[in-house]
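Visitor: First the structure, then my questions, so here it is.
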Amino acid sequence: MSKANKNKSKGFSLLETTVAMGIFTIIISVTMGAFLVTIKAQRVVLTEKTISENINFALEFISRQMRVAKRDTTGVCISVDSTFEAQASEVSFINADANCIRFFLSSGALTYENTTASSGEIALTDNNFTNIDKLSFLVQGEQNSDSEQPRATIAISASGAGNSAESQGV
């Protein structure tokens, strides 16, 4: 073998290097694209989880309060001989401590108020993460004249607070 052929086989040509760099660039671009899609999906999942946790906390708090509601025999808080009084996006009742409690929608937050203790309005959901779009209470069997056990149904529609798709849980 001649000395010229021996030196020629020791390295890569310019064409081989360019092709290798092109393939490497394509692989890195595809990998980075997949990584960015995964990061965006993770943000969406975390937002949905936060929204769910916010709503679950509020619903658990409401259900604990409503579970021990007492009949208002004097009409101080709600109609006489009623256990609950529901109006569209608001429900009122007397809790186990004989306080008049009210849950309602206020500025996109599910809100609690103890009107007996003048506690003021306390947001149960965090407006930084969760925006309550719709809230409705349906209460059946709350009158003393009926023989039904009171049953409350709460319907909530919520979304993430913010303008980006990730903050909306989309």
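Visitor: Taking 0.36 nm per residue of sequence separation and subtracting the Cα-Cα distance, how much length would be gained by fully extending the chain between L36 and D97, in nm to one decimal? Walk me through the numbers before you get to the answer.
Guide: Working: separation 61, 0.36 × 61 = 21.96 nm, distance 5.25 nm.
Roughly 16.7 nm would be gained on extension.
Visitor: For K70 and E121, what does the FRET efficiency come to when R0 = 25 Å and r is the distance between their Cβ atoms, rounded to the nearest 0.05?
Guide: Values: r = 23 Å, r/R0 = 0.90.
With a Förster radius of 25 Å, E is 0.65.
Visitor: With a 1.4 Å probe and every protein chain kept in, tell me what percent of the accessible surface of segment 1-93 is carbon plus sulfur.
Guide: Numbers: 4430 of 6910 Å².
Its accessible area is 64 percent carbon and sulfur atoms.
Visitor: Which of the trypsin sites (Lys or Arg not before Pro) across segment 28-58 are loop residues per DSSP, with 14 or fewer other Cβ within 10 Å?
Guide: Numbers: sites: K40, R43, K49; in loops: none.
Those that pass, being in a loop and sparsely packed, number zero.
Visitor: Can you give the angle from 0 to 90° between the axis of helix 14-67 and the longest principal axis of the chain, with both taken from C-alpha atoms, to the nearest 10?
Guide: 10
Visitor: Scan around D81 for amide H atoms under 5 Å from its own, H built in the peptide plane at 1.01 Å from N, and keep only partners 5 or more places away or cross-chain.
Guide: Here D72, T73, T74, G75 satisfy the definition.
Visitor: Mean-square fluctuation check for the chain, GNM, Cα pairs under 10 Å: which of I156, I51, I39 is largest?
Guide: I39
Visitor: Could I ask something else about it? Using only alpha carbon positions, build the gyration tensor of the chain, then give the equivalent ellipsoid semi-axes as the square roots of 5 times its eigenvalues, largest first, whole angstrom. Could you put the intermediate results ahead of the total?
Guide: Details: eigenvalues 887, 35, 25 Å².
The three semi-axes for the chain are 67, 13, 11 Å.
The values are calculated or read from the model by the stated rules, or taken from the named source; none is laboratory data. The shown structure was predicted, so the numbers you read here are calculated from the model rather than taken from an experiment. Note that we place each Cβ from the backbone using ideal geometry, even for glycine, and neighbour counts take in every protein chain shown. All accessible areas refer to the heavy atoms of the entire protein, side chains included, with ligands and DNA or RNA removed. Shrake-Rupley method; radii C 1.70, N 1.55, O 1.52, S 1.80 Å.
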